[in-house]
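A short write-up of the structure that comes next.
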Amino acid sequence: MGPSGCGKTTLLLCLAGLESPSSGEIYKNGHVITSAPPSQRDVGIVFQSYALFPNLSVYDNIAFGLVNLKWAKDKIREAVRGLVGLLSLESHEEKYPSQLSGGQQQRVALARALAVSPSFLLLDEPLSALDAQVRSRLRSEIRDLQQRLKITTVMVTHDQEEAQTLADRIILLNEGRIEQIGTPWQIYNEPATPFVADFMGVSNLIQGVIGAPNQVSFDQISLLCDTQRHSVGTKVQLLLRPEDITCVSPSRNAPTNLLEAAIAKIEYLGAVVRTHVVTDTGLKLKVDISKRDFDPARHAVAQRLRLTIASNDIRLFAQ
Amino acid sequence: MSAQSLKGLNAFLFVHSKPQLMERSDWLVRWVCLAYCVSAMCTIVLPVGALFLRSFNNADGSFVGLQNYLTYFNTSALFDSFFNSLIVSLVTATLVVPMAFAYAYGLLRTCMPFKPFFRGVALIPLLIPGVLKAIALVYLFGNQGLLREWLFGHPLYGPIGIVGASVIWTFPFAVLIMLTALQHVDHRLYHAAAFLKTSVWRTFWHVTWPSCRYGVTTAFLVVTVSVFTDFGIAKVIGGDFRVLATDIYKEVIGQQNFQMGAVISVMLLIPAFVVFLLERQVAGKQMAQFTGRSLPYTPKPWFGAMAYFWGGASPSRFLLPACWSWRSLRPWLSFGPTTLT
């Protein structure tokens, strides 16, 4: 995963053998395949643009690779029937690609790639060209399929939600470099760099300085947090996730890490209400209030809020 | 034309329109279209129609039905030239199209060196009229030619010469069409084929060929019709070999047999109609080639019509009625090529 232009598709094409890396080696099961042509890599690939053979029917598209392998006709029919059932394309076997919707075409492309039982599968932004509903349905179908067939799959995407829901492991790329490798949980909760923090989900990134042991300061505010890995006086970036910032009712005693702020803008996102606040010192923050805690009377523009954040929810990045 | 009759004309021409919703530019477009319809009428329908009618008249201008056609089909010398033309043009197309395909394929799909040079060499003949190529062939292979022996004693003047010169003349057109057709192929399809371990032959047959089939057919039709109707090459290098284009010249200019000239001209129109029908057929099939992602462009009706007429109104369309009207005036004029006798 990565922003557009970060080199993720280039990396995929290198794995596929359609591009050759200027340096380095590619290994598959311990064997170097850096200079092997695509046909000898035993991989299935699905492109964003489907790339189905327009003059062949759905059946012939799926059977294409098997015909190349010179399978017997009835064996091919059996295999294609299986895939057609697996990808719920039953009533479309005789149709041509131009008669199918985008989601159906991408399913055919998936079936065609899987037909030859490749040892791994490469997906180049397979869902980007589809509309939101089809995308989320096909997303879970791809995951189910991958789990059922137990096939190693590398998927390229710029959509963090897609990556988080589909992946066992995410490699986050930026400007041709790996920013972080980890599980979706690690990537979100333990981001290695401010870039990762910003790319995954919504974040408040603030410039600060370590004022004293276990204390970070910015804009005349001091917050308590774990500063063991940074020495006093170094400049740092703070990450405050909007959902980690909580509102404190005025009646309660002032907690540690208190921030006084006024509401500037409210966005209703469904499960949460994203509140844009400005602290008394002029700092802009995003705060998520869950639907359950949201009180239209108290949470309105220009109303004052008392906010707090737990010390262990603050992440620091050295600069 | 009064305002009232203009309104009436508009109502007649544009039945489906809602005048109160029309912009000024819409009116402009419609009047331009009307102008082009009229010009197309004058420059295509009338001359061809007149020609067609003339083929049913005798020398005095009275109606004789199919008499001229019967004469034509019963005169084997005349009828043979139809087949001569057909064979020469089909042979030329059969030679040129594979050559052009291979040439364009080489230019686009290989890493051969000096590509711009080869592209230029193939296309430069576009600037030279066909007749000059025939003359060049005469210099090379004619009775006094440098390379006369290469024909193993066969005479240049005749079908060999016509086909040779026509091949040289039509090759660049075919190359141009093939270049466009081959550029059209989706590159990802080759990648997909490669991953499925597809043989070179099967890739060609299932990826390259379906995508450029239309181009190949178009090139074949263009070459066939060009050669079929060409006059210059046949005149210069044809010798005693009769083709339709030279026959018309002989009938009209040589023997002043206008009605037979008209019959031959109608025969000359046949391949144009066949090509028109074939082209529509192939284009219809080609539509199925587009996938859901690449939709073909469909022009809006009126602008489309305008573009059609605009494209059709080449200067030759205006020359045609000029010639035709001059020919009609001939009886009242005392000069011209047909009064030399």
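Couple of notes before you dig in:
Residues checked against (1) buried (at least 21 other Cβ atoms within 10 Å of the Cβ); (2) in contact (Cβ under 8 Å) with a residue 24 or more places away in the chain; (3) within 14 Å of chain A (Cβ to nearest Cβ):
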site: B:ALA194; (1), (2), (3): no, no, yes
site: B:ARG213; (1), (2), (3): no, yes, yes
site: B:THR217; (1), (2), (3): yes, yes, no
site: B:VAL222; (1), (2), (3): no, yes, no
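- A Cβ distance below 9 Å, combined with a sequence gap of six or more or placement on separate chains, defines the contacts here; from the stretch A:98-109, residues that are within 8 Å of chain B (Cβ to nearest Cβ) and over 15 Å from A:LEU83 (Cβ atoms) reach residues that are among the aromatic types (Phe, Trp, Tyr) and surrounded by fewer than 18 Cβ atoms within 10 Å (Cβ to Cβ) in the pairs A:SER98/B:PHE290.
- Test for B:THR203: is it touching a helix residue (DSSP H, G or I) at 6+ places or on another chain (Cβ under 9 Å), farther than 22 Å from B:ALA174 by Cα and modelled with pLDDT of 80 or more: yes
- Unmet requirement for A:SER57, which otherwise passes all of (1) under 26 Å from A:LEU100 (Cα atoms); (2) facing chain B (nearest Cβ under 7 Å); (3) surrounded by fewer than 21 Cβ atoms within 10 Å (Cβ to Cβ); (4) small (Gly, Ala, Ser): (2)
- If you go through the stretch B:175-192 and keep only what is hydroxyl-bearing (Ser, Thr, Tyr) and within 12 Å of chain A (Cβ to nearest Cβ), you end up with just B:TYR190.
- When each of A:ARG135, A:ARG143 is tested for being over 20 Å from A:PHE64 (Cα atoms), surrounded by 18 or more Cβ atoms within 10 Å (Cβ to Cβ) and either without any contact (Cβ under 8 Å) to a residue 60 or more places away in the chain or away from chain B (no Cβ under 12 Å) (or both), the lone residue that passes is A:ARG135.
- A:LEU52 vs. criteria surrounded by 17 or more Cβ atoms within 10 Å (Cβ to Cβ), in contact (Cβ under 8 Å) with a residue 60 or more places away in the chain and under 33 Å from the mean Cα position of the chain (by Cα): yes
- Residues of the stretch A:149-166 classified as closer than 23 Å to A:GLY65 by Cβ and touching a residue at least 12 places away in the same chain (Cβ under 8 Å), total: 7
- Applying the criterion of being of a type in the set (Lys, Arg) and within 24 Å of A:VAL154 (Cα to Cα) to the residues of the stretch A:64-119, the residue that is farthest from the chain's Cα centre (by Cα) is A:ARG112.
- When residues of the stretch A:31-47 are limited to those that are within 9 Å of chain B (Cβ to nearest Cβ) and exposed (fewer than 14 other Cβ atoms within 10 Å of the Cβ), the one farthest from A:VAL108 (Cα to Cα): A:PRO37
- Within the stretch A:13-30, none of the residues are surrounded by 14 or more Cβ atoms within 10 Å (Cβ to Cβ), in contact (Cβ under 8 Å) with a residue 60 or more places away in the chain and at positive phi.
- Of the strands (runs of 3 or more DSSP E) lying entirely inside the stretch A:219-319, the ones with 2 or more residues being buried (at least 18 other Cβ atoms within 10 Å of the Cβ) and without any contact (Cβ under 8 Å) to a residue 60 or more places away in the chain are found at A:258-268, A:272-279, A:284-290.
The values are calculated or read from the model by the stated rules, or taken from the named source; none is laboratory data. Given the structure is predicted, the values throughout are model-derived calculations rather than measurements. Cβ coordinates were reconstructed from backbone atoms using ideal geometry, including for glycine residues, and neighbour counts include every protein chain displayed.
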